[in-house]
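The values are calculated or read from the model by the stated rules, or taken from the named source; none is laboratory data. Here the structure is a predicted model, which means the values were calculated and not measured. Note: ideal-geometry Cβ built from the backbone for every residue, glycine included; neighbour counts use all protein chains shown. Surface areas here come from the heavy atoms of the whole protein model, side chains and all, with no ligands, DNA or RNA. Shrake-Rupley method; radii C 1.70, N 1.55, O 1.52, S 1.80 Å.
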Amino acid sequence: MAKQPNPARRNERSRQAILTAARDLVPKVGYAKLTIEAIAARAGVGKQTIYRWWPSKGAVIFDAFLALSEAGPEQGIALPDTGDLEADLKMVMRATAAEFADPAFEAPIRALNIEMINDPGLAAQYREKLADPVNEAKKARLRSAQRAGQLAADADLDLALELLYAPLYQRWLLRSGPLTPEYADTLVEVFLKAMRPEPA
């Protein structure tokens, strides 16, 4: 007797095919020209299958980007904590710079940013599902550094993250310079000069 196909497995295959199609098409046609119909055709599904899971093209792009991460927020996020704040931050910033410079990441990230500018709902979803959990993990590492006396005890950690990451994001957004490991290291060094405790 033939085994019945597993609907859950088939649905997951279709979902992954849609996300892969969206990622493949964004760099080829650009976000503005990308359509749900094109994603459906490339994925080999009907467009109603896409609308069953996602309300808009922007939502598909968001999930396509989220799926690029090896571990999503639901699986837990932790930054390295070796006790050496400078080394840990340089490791993280180098990885972030490399990710933003990777063409496989850059196209969906840029597409997602374009859509969030015009879609407050998608921007809120991005903050809730990705940005806020990641930022909480970053702040947890900075709190550990505060307890160890490596970071000013009264530092505003939300502002600290902006000081550390905003220059990298601006350089990427405006294409104003390369996102090199050396640049990532320099950002960390400048950040620590500003945020370390003042000598007693």
Worksheet item: Suppose every K and R has +1 on its Cβ and every D and E has -1 on its Cβ; what is the size of the dipole of the chain about the Cα centre, in Debye to the nearest 20?
Response: 1140
Item to complete: Enumerate lysine pairs in the chain that are 8 or more residues apart or on different chains, then count those whose Cα atoms are under 23 Å apart.
Response: 13
Fill in: Most fluctuating residue given options ALA22, ALA43, ALA124, as computed from a GNM of the chain linking Cα atoms under 10 Å
ALA124
Practice prompt. First compute the accessible area of region 53-200 with a 1.4 Å probe, then give the percent of it belonging to carbon and sulfur atoms.
Written response: 55
Worksheet entry | With eigenvalues of the C-alpha gyration tensor scaled by 5 and rooted, region 108-200, Å | 28, 18, 9
Worksheet item: What FRET efficiency would be calculated for the residue pair ARG196, ILE114, taking the C-beta separation as r and a Förster radius of 41 Å, to the nearest 0.05?
Response: 0.65
Discussion item. Using Cα springs under 10 Å in a Gaussian network model of the chain, which residue among ARG23, ARG42, ARG175 shows the largest mean-square fluctuation?
Written reply: ARG175
